[in-house]
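A quick write-up on the structure given underneath.
The values are calculated or read from the model by the stated rules, or taken from the named source; none is laboratory data. Note that the structure is a prediction, hence the values are computed from the model and not measured. Here the Cβ is made from the backbone with ideal geometry for all residues, glycine too, and neighbour counts use every protein chain on show.
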Amino acid sequence: MSIVVLFVILSFRPCFDAGFVNLDDDVLVTGNPQIKSLSAKSVAKMFLAPYNGLYHPLVTLSYAVERRIFGLDPAVYHTTNLLLHVFNTLLVFWMLFLLKKDVLFAALGALFFGIHPVHVESVAWISERKDVLYGFFFLGSLVFYLRYVLSAKRVDFAFSLVFFVLSLFSKSMAVSLPLVIVLIDVYSKRSRDKKVIMEKLPFLAVALVFGALALLVHYVRGPRGGAPSIDPAAAVIEASNNILFYAVKFFHPSGLSVHYPYSGAGWSGFFGSMFAALPLIAILTVISIRLFKHNRLAVFGAFFYVLAILPASQIIPFGQKVPADRYNYIPSIGLLMLALELLWRFYAWRTVFNRVKKAVVVFAVFFLAIYSSNATFNRCLVWEDSIILWNDVIRKHPYSARAYKFRADAYKDNKEYEKAFVNYAKAIELKEDYAESYNNRGNLYNALGRHADAVADFTKAVEILPGYTDAVYNRALAWQGAGKPKKALEDYSHVIMKDPGHAAAFNNRGVLLARMGDMSGAVRDFNSAVCLDPEFDSAYLNRALALYELGDHEGARRDARRLAGRRVKLPEKFVKKLLKEQRKMIE
């Protein structure tokens, strides 16, 4: 296994030189307020307060630990992802050995899992820590359950359940595990007595709780807002297409992309028709069931894949509409079992040309290993930075408005403003109602002092998406920069009405109220801001200044001492005023 591990590390070697990308890394890692501190209170908040419509507290906790010890060095985060992938490779070996009782079979399965290019997105993308972490606990749970089936030791059952819970704390896609362990029972020919049925209840109960929580967070607390409408027939058809799409990408991993644009039939038309996949799935299912007696592991692998991919199949609308390579991380193990078992049977099949056949199989395995490793290495290079990543998407999907928008954001971050404007314009040309492109271009206009152009773009974004509070907040900033405080005040108030948890809007409205002479109103807004974000230093400073103007010098000193304790530099004139008042009190 040491050779397998070395092969995996060499295949993913470019990850060590990669940085953060502007696809969620800026939201979940570099700009995530939940990982700025590591304390009992902050950890509790990770588990109790979903962030950005996502609930994966163990992932957030891992980021917080890394940030506390290493800061924001991307190499550290990439190393953690790769180490988890290596551990998962070892767990795949263990699981396959328990199923097949063949070391070479298990080693080959682990190797191809470890170096398959379809897994690059899950490993090389820092924000997809979710996959490698949930995968670690998911596979650990299955290994312990297999041990329990073989040994009947209750401690193995307990560990399997604990690992399942930890997997769900990492990613909700783990909800499929109870179905997989039922599949293990069928494969292992366990009896269907009451005890076997009852022991599934804890897994099922946990899955239902976390599944409901994921939907609640995503649709109520998340950016979508509101429950999805489900057309059962359309959902089954789309799920069938997704299931086949992921299978094809695993067996033929060409044209891999971080984004597969959706346009009508689009990627679903990959099979010629939106309806083509459903009968094909049905036919394959019937064939698999009939072959189960003759090739149990191959059929087990096929059903493992289908059950594990179900949460990402859009049978229930969740997450993004379009498919993504990362969803194939654990499900692909089933396809791997299917392919390897068929290859194993072919290798063992005695024919007249037995030696030639075996030589061909060995050569094919060797060739596929080299091909996969090289493809994975080259795919990792794409994740070096944001511009390279989106260049890759645009090369493969030149009509992707989303890719142009994200590349524009990357150019903006690099201060290549002309290129950013060109890409925003291209994104809007491809998708005229692309509110986020208008919003982000407005931010660039605002940063360059072109406040009128910024207001126009933010207004257009709000016209497209009336509930787009980020655009309203940004327009308030633009009004403020343009010297129109009353309009800014209206927008800040609108944001606060729609999103009472928007600390920055309270702080900025407080600043405007203070400038208009309403110090009491300003203090109320600063109070709200620091209550919502106890580490909002700017709000504490603004409150200190406002309290001083109101004559509450003790309150001003209290905020000043807090800021000094956090090593925040205070305005020199303000410090002198406080010291002067303190001397008066002493005298």
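Of the residues making up segment 483-500, those that are touching a helix residue (DSSP H, G or I) at 6+ places or on another chain (Cβ under 6 Å) and surrounded by fewer than 22 Cβ atoms within 10 Å (Cβ to Cβ) number 7. Is it true that some residue in segment 117-137 is part of a loop (DSSP other than H, G, I, E, B), at pLDDT 95 or above and either surrounded by 24 or more Cβ atoms within 10 Å (Cβ to Cβ) or of a type in the set (Lys, Arg) (or both)? Looking for residues that are part of a loop (DSSP other than H, G, I, E, B), at pLDDT 95 or above and either surrounded by 24 or more Cβ atoms within 10 Å (Cβ to Cβ) or of a type in the set (Lys, Arg) (or both), one finds at least one in segment 117-137, hence yes.
Quick one: would you say residue 36 is basic (Lys, Arg), farther than 14 Å from residue 127 by Cβ and either in contact with a Phe, Trp or Tyr (Cβ under 9 Å, 6 or more places away or on another chain) or free of Cβ contacts under 8 Å to residues at least 60 places away in the same chain (or both)?
No; evaluated as a whole, the condition is false for this residue.
Consider only pairs whose beta carbons are under 8 Å apart and that are at least six residues apart or on different chains; among these, list those whose first residue lies in segment 340-354 and is basic (Lys, Arg) and whose second residue is modelled with pLDDT of 85 or more. Partner pairs satisfying both residue conditions: 345/298. Test residue 581 against the criterion of being modelled with pLDDT of 80 or more and part of a helix (DSSP H, G or I), and give yes or no. It is false that residue 581 is modelled with pLDDT of 80 or more and part of a helix (DSSP H, G or I). Of the set (1) part of a helix (DSSP H, G or I); (2) surrounded by 17 or more Cβ atoms within 10 Å (Cβ to Cβ); (3) not aliphatic (A, V, I, L, M), all apply to residue 20 but (1). Search segment 365-374 for residues being in contact (Cβ under 8 Å) with a residue 12 or more places away in the chain and within 15 Å of residue 343 (Cβ to Cβ), and hand back the single one that is surrounded by the most Cβ atoms within 10 Å (Cβ to Cβ). In this case the residue turns out to be 372. In the condition set (1) buried (at least 21 other Cβ atoms within 10 Å of the Cβ); (2) over 22 Å from residue 261 (Cα atoms), residue 377 is compliant with all but (1).
Identify all residues within segment 559-573 that are within 14 Å of residue 537 (Cα to Cα), among the basic types (Lys, Arg) and without any contact (Cβ under 8 Å) to a residue 12 or more places away in the chain; write none if there are none.
561, 567, 569
Total residues in segment 246-269 satisfying the condition of being modelled with pLDDT under 85 and part of a helix (DSSP H, G or I): the figure is 4. For segment 357-365, the condition holds for no residue, the condition being that it is of a type in the set (A, V, I, L, M, F, W, C), part of a helix (DSSP H, G or I), under 22 Å from the mean Cα position of the chain (by Cα) and farther than 30 Å from residue 472 by Cβ.
Checked against (1) more than 17 Å from the chain's Cα centre (by Cα); (2) surrounded by 20 or more Cβ atoms within 10 Å (Cβ to Cβ), residue 81 meets all criteria but (1). Whether a residue is buried (at least 23 other Cβ atoms within 10 Å of the Cβ) and not polar (S, T, N, Q) was assessed, and residue 155 does not pass this test.
For (1) farther than 24 Å from residue 438 by Cα; (2) β-branched (Val, Ile, Thr); (3) within 27 Å of the chain's Cα centre (by Cα), each residue gets a yes or a no:
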residue: 482; (1), (2), (3): no, no, no
residue: 500; (1), (2), (3): yes, no, yes
residue: 508; (1), (2), (3): no, no, no
residue: 513; (1), (2), (3): yes, no, no
residue: 520; (1), (2), (3): yes, no, no
residue: 527; (1), (2), (3): yes, no, no
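Given the structure, is residue 156 farther than 21 Å from residue 77 by Cα, part of a helix (DSSP H, G or I) and among the acidic types (Asp, Glu)? The answer is yes for residue 156. Residues that are among the small types (Gly, Ala, Ser) and modelled with pLDDT of 85 or more were ranked within segment 336-395; the one that is farthest from residue 97 (Cα to Cα) is 386.
When restricted to residues that are within 22 Å of residue 34 (Cβ to Cβ), crowded, with 18+ Cβ neighbours inside 10 Å and aliphatic (A, V, I, L, M), segment 512-563 contains 3.
Residues checked against (1) farther than 27 Å from residue 485 by Cβ; (2) within 25 Å of the chain's Cα centre (by Cα):
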position	(1), (2)
402	yes, yes
426	yes, no
433	yes, no
445	no, no
451	no, no
457	no, no
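Out of the residues in segment 25-65 that are farther than 15 Å from residue 168 by Cα, of a type in the set (A, V, I, L, M, F, W, C) and outside any helix (DSSP H, G or I), state the one that is farthest from the chain's Cα centre (by Cα). Going through the qualifying residues, I end up with 38. Is there a residue being over 23 Å from the mean Cα position of the chain (by Cα), acidic (Asp, Glu), more than 30 Å from residue 78 (Cα to Cα) and surrounded by fewer than 22 Cβ atoms within 10 Å (Cβ to Cβ) anywhere in segment 466-474? No, that holds for no residue.
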